[in-house]
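Engineer: Structure provided below as structure tokens; questions to follow.
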Amino acid sequence: MRKEPGEEWAYCSFGYVILGEIISRVSGVFAHDYIIENIVKPCGMKDTFFTPDREQVLRMNIPNERVERRIQALLEDKEGESIWDRIPSTGGGMFSTALDLNKFGTMLLNNGTYEGNRILGRKAVEKMTSFYLKGDIKDYCWNAGGVPRLYGLGPDMRYNESTFYTYGTYFHEGAGACCLIVDPYEKMVATWFVPFKNNAWHAHGLFNASAIMWSGLK
């Protein structure tokens, strides 16, 4: 291990790949199928998937040349077998829309229910969205310089003088281009996508956008 547990915070998607394998082994169903049948469909998320069909491929965002090549391979049916056909791509392999992500966030805001249907256990959501890291663990990831890190069991929970959302708000943002924020105090869920720039992470389209939204609340 690079660091001892509890010594430093670091972003690592591979933990979710392991989680996907745990889901597969415990449920007896491949993680992709289990997630679609037990979370995605009950939340009414009709545009969320692991493996896109042709119609979905034609509507996919093209942020860089790598994704463009994959889209072309999918359209020409030349992608071939991938290791992710056998290993769950739960560490970042889903496609979705802002509307579908908002439905998922609404389910979390409602303590695991969506339109009266129980999707996740109430205590599971409470545990997931409680502070797991309370600022005593430092973040050196992406040149952060050792700042205190606030994190739940999955979602980001960063909060400082510059943020407008309520303390205890949880969220996740990806690649500087998309964001899902759930503010339990304001009973508000916000999701948005912004254009990529130079295929790099940019805070402006994420944290500045949230500041504009929350600053308008009466």
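The values are calculated or read from the model by the stated rules, or taken from the named source; none is laboratory data. Since the model is a prediction, treat every value here as computed from it, not as a measurement. All Cβ positions, glycine included, derive from the backbone under ideal geometry; neighbour counts span all protein chains shown.
Engineer: Going through segment 138-157 one residue at a time, which ones are buried (at least 17 other Cβ atoms within 10 Å of the Cβ) and either touching a residue at least 24 places away in the same chain (Cβ under 8 Å) or basic (Lys, Arg) (or both)?
Structural biologist: Listed by number, the residues that qualify are Asp139, Arg149, Tyr151, Gly152, Pro155, Met157.
Engineer: Turning to a different aspect of this structure: For segment 80-102, state whether one or more residues are farther than 22 Å from Asp156 by Cβ, out of contact with any Gly (no Cβ under 7 Å at 6 or more places or on another chain) and surrounded by 14 or more Cβ atoms within 10 Å (Cβ to Cβ).
Structural biologist: Scanning segment 80-102, I find at least one residue that is farther than 22 Å from Asp156 by Cβ, out of contact with any Gly (no Cβ under 7 Å at 6 or more places or on another chain) and surrounded by 14 or more Cβ atoms within 10 Å (Cβ to Cβ), so the answer is yes.
Engineer: Whether any residue in segment 114-128 is touching a strand residue (DSSP E or B) at 6+ places or on another chain (Cβ under 6 Å), of a type outside the set (Phe, Trp, Tyr) and without any contact (Cβ under 8 Å) to a residue 40 or more places away in the chain is what I want to check. Before you say what the answer is, go through the steps one by one.
Structural biologist: First, pick out the residues of segment 114-128 that are touching a strand residue (DSSP E or B) at 6+ places or on another chain (Cβ under 6 Å): none.
No, because not a single residue in segment 114-128 is touching a strand residue (DSSP E or B) at 6+ places or on another chain (Cβ under 6 Å), of a type outside the set (Phe, Trp, Tyr) and without any contact (Cβ under 8 Å) to a residue 40 or more places away in the chain.
Engineer: Here's a follow-up. Give me the pairs, please: first residue somewhere in segment 189-218 and within 15 Å of Ala98 (Cα to Cα) and in the same structural domain as Tyr159 (by TED's automatic domain parsing), second residue anywhere and β-branched (Val, Ile, Thr) and assigned to a helix (DSSP H, G or I), beta-carbon distance under 9 Å, and either six or more positions apart or on two chains.
Structural biologist: Between residues of segment 189-218 that are within 15 Å of Ala98 (Cα to Cα) and in the same structural domain as Tyr159 (by TED's automatic domain parsing) and residues that are β-branched (Val, Ile, Thr) and assigned to a helix (DSSP H, G or I), the close pairs are Val189/Thr106.
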